[in-house]
Amino acid sequence: MKKMSIFISLLLLWTLPITLVHAEDLIVFPAKGQSAEQTEKDKGACYTWAKQQTGVDPLALAQKSAEQAPPAGPQGERVKGAVGGAAAGAVVGAIAGDAGNGAAIGGAAGVMAGGARQRGKAKAQQDAQQQQQSQTKQDLDKYNRAYAACLEGKGYMVK
């Protein structure tokens, strides 16, 4: 009984990566009457072959995606801008004879400048994330084409 449960666990671990790693849910039909056991062996062999041919490891991509939480947005740019602007405004105001009014004007200008910097950084982060997602999709598409070609070569229909 213990050997059977170990065998089942290993079988599940072996087939789990094959079923979870595809960007599209590929449907594999044993067109030449292959048994379920043969189908799983062929899927495993094609997983390995496609990974070697493309240099893409869908498991690694899935793990990398799971580990990479969206980065925190830029924080504190408005506060930094307000402090810097208030300081600069106070200096200019002191020279002009009204440090308080200069600090208020400088602080407001600093908040606006800080907000613009914050939006710029957030946009850059979003662009980088979209580029990474696009590259991951291209890599998975390349892998899926190789995986499907392998299975089709072994007599399966893949859709």
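The values are calculated or read from the model by the stated rules, or taken from the named source; none is laboratory data. Note that the structure is predicted; figures quoted are calculated from it, not measured. Cβ placement follows ideal geometry from the backbone for every residue including glycine, while neighbour counts extend to all protein chains displayed.
In table form, for the structure just shown:
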| read-out | value |
| --- | --- |
| Yes/no for Gln125 being surrounded by 14 or more Cβ atoms within 10 Å (Cβ to Cβ), outside the structural domain of Ile27 (by TED's automatic domain parsing) and modelled with pLDDT of 70 or more | yes |
| Qualifying positions in the range 51-63 - within 11 Å of the chain's Cα centre (by Cα) and in contact (Cβ under 8 Å) with a residue 60 or more places away in the chain | Leu61 |
| Filter result (among the hydroxyl-bearing types (Ser, Thr, Tyr) and assigned to a helix (DSSP H, G or I)) within the range 120-158 | Ser134, Thr136, Tyr143, Tyr147 |
| Residues within the range 132-159 that are free of Cβ contacts under 8 Å to residues at least 60 places away in the same chain and of a type in the set (Asp, Glu), tallied | 1 |
